[in-house]
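> First the structure, then my questions, so here it is.
The values are calculated or read from the model by the stated rules, or taken from the named source; none is laboratory data. Being a predicted model, the structure only gives us computed values, none of them experimental. Cβ atoms come from the backbone with ideal geometry, glycine included; neighbour counts cover every protein chain shown. Each accessible area value is taken on the protein alone, full model and side chains, heavy atoms only, with ligands, DNA and RNA left out. Shrake-Rupley method; radii C 1.70, N 1.55, O 1.52, S 1.80 Å.
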Amino acid sequence: RGQAPPATGRAGGARPAGRPVGRRSSAAAPRGRGAGLVRGALRFATSLAIGLLALALFAWGSHGFRGQAAPTRPAPPAVAVALGRVPPTTLDAVGAGHPQVTPARLPATTPALTAGGLPEVLYVGAEYCPFCAAERWAVAVALSRFGTLGNLGVTESSTWDVYPGTATLSFYRSTYRSPWIAFVPVELQSNRASNVLGLFLGRYTALQTPTRQQAALMQQFDAAPYVATPGAIPFIDIGNQRVVGGAMFSPGVLGGLSAEQIATALANPASPVARSVDAAANVLTAAICELTHDRPAAVCTSPGVRAGAAHLT
């Protein structure tokens, strides 16, 4: 499941020129022609299988078969601290930028989504997903303005996907404390396949299974007209008032950077990372402020969040 699934096609062919069209049937073809075609097809299939096996062995040897990406590890303290200490002046300076995806409003009759008596922000993603890898940074910055994230992991997206090896966080088994909102993350799959075949089929080790309610929300709202790409992840449900499907900025902005470098760049308003991640965080923050009735006021009335609110229609 991705933000931009590749399309596949099948090429056709024209009839060879010069062959007469007459009443003679295929029975007039030289004896043994059918058997020759079968043998040719078998040879092609054998060659293809050998090629795939060679590629699999190469992957095994070059990666030590790590399941496509580096394993998740606890976030270094410097990363966790940087997420919670992005200067307000930086967030105000970057504004809202030009988000490629914005939180879409759900019908006013949609029942509120809550957890523990607080408005709930539901995040559904997967560690292998490069678009999730980008969006997690913005989600973490936005959430840190309302509370404290804990037990974060750092990892990378699949090295066999677009934007390979994008450094990111992991919300798997993370914690969140806030007087304003509840955060419920669901990381569907890891970034590691259990065997070589999984590398080719894009099958990764399962981490979490959505509840029946979460699956129903995804089926209903991770779909047109609320998201541009139905079934896309990451999927973010902001209290059943707004949803986001996909990444709000290109993961390419983070290409070649480590988690530590990304976290450090968040404080620099001149960096491409801050202009993308912090800008998306301002838009998400504005959507969350709708849930909290503009509390805390220092956050929800800041220039950066007001700029983000201008993208909420």
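> Only residues in the range 200-219 that are part of a loop (DSSP other than H, G, I, E, B) count as the first member; pair them with residues that are of a type in the set (Asp, Glu) and at pLDDT 90 or above, Cβ under 6 angstrom, at least 6 apart or cross-chain, and list the lot.
Between residues of the range 200-219 that are part of a loop (DSSP other than H, G, I, E, B) and residues that are of a type in the set (Asp, Glu) and at pLDDT 90 or above, the close pairs are Leu207/Glu187; Gln208/Glu187.
> What is the number of the single condition among (1) small (Gly, Ala, Ser); (2) under 24 Å from Ala104 (Cβ atoms); (3) under 18 Å from the mean Cα position of the chain (by Cα) that Gly255 does not meet?
It fails just one condition, (2).
> Could I ask something else about it? Conditions: (1) surrounded by fewer than 20 Cβ atoms within 10 Å (Cβ to Cβ); (2) farther than 26 Å from Gly117 by Cβ; (3) under 18 Å from the mean Cα position of the chain (by Cα). Gln214 meets all but one. Number of the miss?
(2)
> Any idea which residue in the range 248-288 is least open to solvent (accessible area, probe 1.4 Å), counting only those that are outside any loop (DSSP other than H, G, I, E, B), of a type in the set (Ser, Thr, Tyr) and closer than 30 Å to Gln220 by Cα? Don't jump to the end; show me each part of the working.
Going residue by residue through the range 248-288, those that are outside any loop (DSSP other than H, G, I, E, B) are 251-254, 259-265, 272-288.
Right, trim to of a type in the set (Ser, Thr, Tyr) and you get 264, 276, 285.
Those left that are additionally closer than 30 Å to Gln220 by Cα: 276, 285.
Details: Ser276: 26, Thr285: 0 Å².
The extreme case among them is Thr285.
> Could you check, for the range 229-247, whether at least one of its residues is open to solvent by 10 Å² or more (accessible area, probe 1.4 Å), assigned to a loop (DSSP other than H, G, I, E, B), more than 20 Å from Val273 (Cα to Cα) and not polar (S, T, N, Q)?
Looking through the range 229-247, at least one residue is open to solvent by 10 Å² or more (accessible area, probe 1.4 Å), assigned to a loop (DSSP other than H, G, I, E, B), more than 20 Å from Val273 (Cα to Cα) and not polar (S, T, N, Q).
> Which of the following residues is open to solvent by 50 Å² or more (accessible area, probe 1.4 Å) and either of a type in the set (A, V, I, L, M) or over 20 Å from Arg212 (Cα atoms) (or both): Thr89, Thr114? It would help to see each step written out before you state the result.
Working: Thr114 fails: either of a type in the set (A, V, I, L, M) or over 20 Å from Arg212 (Cα atoms) (or both).
Just a single option satisfies the conditions, and that option is Thr89.
> Quick check, is Ala223 of a type outside the set (S, T, N, Q), closer than 30 Å to Leu106 by Cβ and in contact with a Gly (Cβ under 8 Å, 6 or more places away or on another chain)? Explain how you work it out, then say what you get.
Values: of a type outside the set (S, T, N, Q): yes; closer than 30 Å to Leu106 by Cβ: yes; in contact with a Gly (Cβ under 8 Å, 6 or more places away or on another chain): yes.
In short, yes.
> For the subset of the range 89-114 comprising residues that are among the hydrophobic types (A, V, I, L, M, F, W, C) and within 17 Å of Glu290 (Cβ to Cβ), which member is nearest to the chain's Cα centre (by Cα)?
Filtering the range 89-114 down to residues among the hydrophobic types (A, V, I, L, M, F, W, C) leaves 91, 93-94, 96, 101, 104, 106, 108, 112-113.
Still in the list and also within 17 Å of Glu290 (Cβ to Cβ): 96, 104, 106, 108, 112-113.
Details: Ala96: 20, Ala104: 17, Leu106: 21, Ala108: 27, Ala112: 25, Leu113: 22 Å.
If we take residues in the range 89-114 being among the hydrophobic types (A, V, I, L, M, F, W, C) and within 17 Å of Glu290 (Cβ to Cβ), then Ala104 is nearest to the chain's Cα centre (by Cα).
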